[in-house]
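Every read-out reported here was derived from the displayed coordinates using simple, explicitly stated rules and does not represent laboratory data. Treat the numbers as computed from the prediction; the structure is a model and nothing was measured. Every residue, glycine as well, gets a Cβ built from its backbone with ideal geometry; the counts of neighbours run over all protein chains shown.
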Amino acid sequence: MRKIALTACLLSVVTPALAAEVQPPTIAVIGSGRAERLADYALLNFTLRGEGVTAPQAVKALADAQARLDASLPKLPGKPAAETRSATLQIREVRAKGCENRGYPLPTAGDCAVVGMIATQGFQVRISPATRAGDAASLVAQIGGADVNVSNGGVNDEKALEDAAMRDAVADARHQAELLAAASSVKLGPVIRVQDGQTNQIVVTASSFAAPPPPPPPIPPVQLSSPLNYTPQPVVRTARVMVTYGLEP
C-alpha cells in the first residue's frame, strides 16, 4: 500500500508539468504580398554648363542657361509640374593645350596658362505626371544640357502602396493556411500570432519633395525639336508576414 501511495503521489506531481508542456496544434505560414501602380512623377537628372574666358563670364553663361530652362519648363506641352533642385556646382580652370596635371599646383603662366573657365551645375527636376518626363528631357538637351537621364521616380502616396502590399501578404498567408488545413483534414481556427516578416525593409527610392507649387498662368507651349515619349515602369512594393493559426478538431 505504501508503494502504491508513493506512485500516486509522483503522478500527481508529474502530470501537471506534462500538461503544461502540451501546446495546442497550430499552422504557421509565411505570406508574400505585392502591389504596384503607375508612377506619379519621374526624376530628370542633367548638367548645365557655362564657358568663358574668366570665372564671372562662365558663371553668367551658366546662369543664362538655367534662366532659359526655368522659362521653358512651364511651356512644355501639357504644362507638367516641375520642381527643380540643384546638385554639385563646379567652377574649373581650363589650361593651355598640352599641359598635364601632375598632381601638384600648376603655374598660371607659360605652358600651363589658364585660357578659360568652365562652370557646371547638376540638377534634378521632379516631373509630374511622369509621362511628360520624355519631353522635359528633350527640352533640356535642346538648351544644351548634358548627362541627361530619367529615373522611374515614384508615387505620391507611398503609404497606401505599402499598405496594399501588406494586405496582399496577409491574404496570401490565409490562402496557404486554408490549403494546409484542408489537406490535413482539420479546421482552421483563429489567428494566434502575426509578425511582419519584412520589418524596416520596405525600400523607398524616391526622394522626398515638398508639394508642387500652384499651376502657372496659361503660357504658349514651347516648340520641341524632338518630342520624346516616355512611359516609366510601375512602382512596386512587396511585403512578407508570418502568421500562426490555431486548429480546431
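Considering all different alpha carbon pairs of the stretch 50-172, the Kirkwood hydrodynamic radius works out to 17.8 Å. Label positions at Asp147 and Arg68, each projected 7 Å from the Cα along the C-beta direction, are separated by 2.0 nm. Of all aspartates and glutamates in the structure, the ones whose alpha carbon falls short of 13 Å from that of Lys187, not counting any fewer than 8 places away in one chain, are Glu178, Glu248. The C-alpha radius of gyration of the stretch 22-102, expressed as a fraction of 2.2 N^0.38 Å, stands at 2.23. Between Ser86 and Ser184, the modelled label-to-label distance comes to 6.4 nm, taking each label 7 Å out from Cα in the direction of the beta carbon.
Count Lys and Arg as plus one, Asp and Glu as minus one, and take only other residues whose Cβ is under 14 Å from that of Glu248; the net charge is then 0.
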